[in-house]
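Here's the structure we're looking at; comments come further down.
Read-outs: derived from the displayed coordinates by stated rules, not from any lab. The model shown is predicted, which means the values in this text are computed figures rather than measured ones. Every residue, glycine among them, receives a Cβ derived from its backbone with ideal geometry; neighbour counts consider all protein chains shown.
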Amino acid sequence: MDGAETTGEDTAQAESRRAGPDLPAARDAPAAEYPPPRTGWRRLMMDTRPLRHLPFRRLWSSTAVTAVGSQLTAVAVPKQVYDITGSSAWVGYASFAGLIPLVLFALWGGAIADTVDRRKLLLVSNTGIAVTSLLFWVQAATGAESVLVLMVLLASQQAFFGINQTTRSASIARLVPLEELPAANALMSTVGSTGMVFGPLLAGALIPVIGLPELYMIDAVGLCAALWAVWRLPALPPLTRAGTGEAGDTAAPRRAGWREVAAGFRYITASRVLLLSFVADIVAMVFGMPRALFPQLAATTYAPWGEGLALGLLFAAIPIGAVAGGLFSGTFSRARRHGVMVIAAVVAWGVAVVGSGLSSSLWWAVGFLMAGGVADMVSMVFRGAILQSVATDDMRGRMQGVFTVVVAGGPRVADLVHGMAGAALGTRTAVTAGGLLVIVTMLTLAVAMPELRRYRA
């Protein structure tokens, strides 16, 4: 890795020198430590500056290790449920059983992350996910064909995941300088999107060869490796004393109950920029995520290309676009007008969805959806950067909890909305109308509420 490297000890020393209550450790790194900026075509490629900081590199590597493994389990669970029941309805019930604890524990986990050492919370939640993966392997290896057991294990794993994902995201701003937050978010999002592309493909190839139990075991082994990377992180205790907003070497203990969760929602409503960044994602996902219509589009509009091929390409297009956006994140990660970038990305997403809805050719539809994936990556990067820079450290956990709920819940609401719209209007009309709603709503918000478009890093 070229350039200077910061260590956990460097981070601790930097925090001791901080000038305010919310100064991330790596922001105090001397400018002389940084190599000269990249020039020419290299500026277009993924911005890897955050990887120079050893603590962030460890956090990122733990995410990279599990990105594919978690998708193996994500494929194995519905496959096993369907094998046991022969019913797609039960697959849906199992998915819903995982959604409720994900939402609840992402919110509660955010409150916990604001009161304790985030490294310790990551260790606990990572351990919980690894244990549930091992239990998935045990039930599959022993032939315990129980949907109830699968649903309980899935609900438990999603609860731990909600806490872990919230805490992981809330820790990023403590490990990299402020100006590198977009690049750090792009790196984290890219490995997640890569897992979404290659994980299901790998699962489909391995199931006939090694069977379902071994998929769970691979995920568990990967989680153990990720646990080691998290163990090597520096301590990440709260930076402020409870209720004072003042910097201190230690923070007074606080409760992490639902009152604190409610305080987080009040914090969002008091910050127009934060509120609008969440609303932008809700608009994009609820109005513009057409994945519920992909099966019908594959079976009707794009049937001449082969239903199986069409379905696979439609589902893979957006993640592939997100990966491409991450690989070329140098084109946008240095932008300072984060609010304008969010607005432009959401509008571009709407345009891409409209294009896919108007396309009678499968390849044009897939191309537009891939472009939408790039726009979605840009939106996620800058919405995350706004959250991490606007929110104070004692609120970042709760803000990330809401962020996780919006990201996880928005597409599921979209499935319901688009399913009903598709039945009433037809699939292509529903997709096109949803994209138009995204464009019109986002531009209206940008004009009516200028706080977001005026926001600069």
Exercise. Starting from the Cα gyration tensor of the range 124-228, take the square roots of the eigenvalues, sort them a ≥ b ≥ c, and report rounded, prolate or oblate (rounded when a/c is under 1.5, otherwise prolate if a/b is larger than b/c, else oblate).
Key: prolate
Quiz item: Scattering from the C-alpha atoms of the range 305-386 alone, worked out with Debye: what is log10 I(q)/I(0) at q = 0.12, 0.16, 0.21 1/Å?
Solution: -0.35, -0.59, -0.88
Exercise. Would you please report the Å³ per residue occupied by the convex hull of the alpha carbon atoms in the range 270-428?
Key: 109
Quiz item: Under Stokes-Einstein, with the Kirkwood radius over Cα pairs standing in for Rh, what whole-number D in µm²/s applies to the chain at 4 °C and 1.567 mPa s?
Solution: 57
Exercise. Could you go through the range 135-145 in sequence order and give the Karplus-derived ³J(HN,Hα) for each residue, using 6.51 cos²θ - 1.76 cosθ + 1.60 with θ = phi - 60°, rounded to whole Hz, and x for Gly and Pro?
Key: 5, 4, 5, 4, 5, 6, 5, 8, x, 7, 7
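I'd like the trypsin sites (Lys or Arg not before Pro) in the range 300-370 restricted to DSSP loop residues with at most 12 other Cβ atoms within 10 Å, sorted by number.
Passing sites in the range 300-370 are R336.
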Quiz item: Under the classification rounded if a/c is under 1.5, otherwise prolate if a/b is larger than b/c and oblate if not, where does the range 304-353 fall, given a ≥ b ≥ c as square roots of the Cα gyration tensor eigenvalues?
Solution: oblate
Quiz prompt | Packing-based order for 99-108, 138-147, 51-60, using average beta carbon neighbours within 10 Å, highest first | solution = 51-60, 99-108, 138-147
Quiz item: How would you rank 124-135, 285-296, 174-185, highest first, on the average number of other Cβ atoms within 10 Å across their residues?
Solution: 174-185, 285-296, 124-135
Quiz item: Shape call for the range 76-129 from the C-alpha gyration tensor, a ≥ b ≥ c root eigenvalues: rounded (a/c under 1.5), prolate (a/b greater than b/c) or oblate?
Solution: oblate
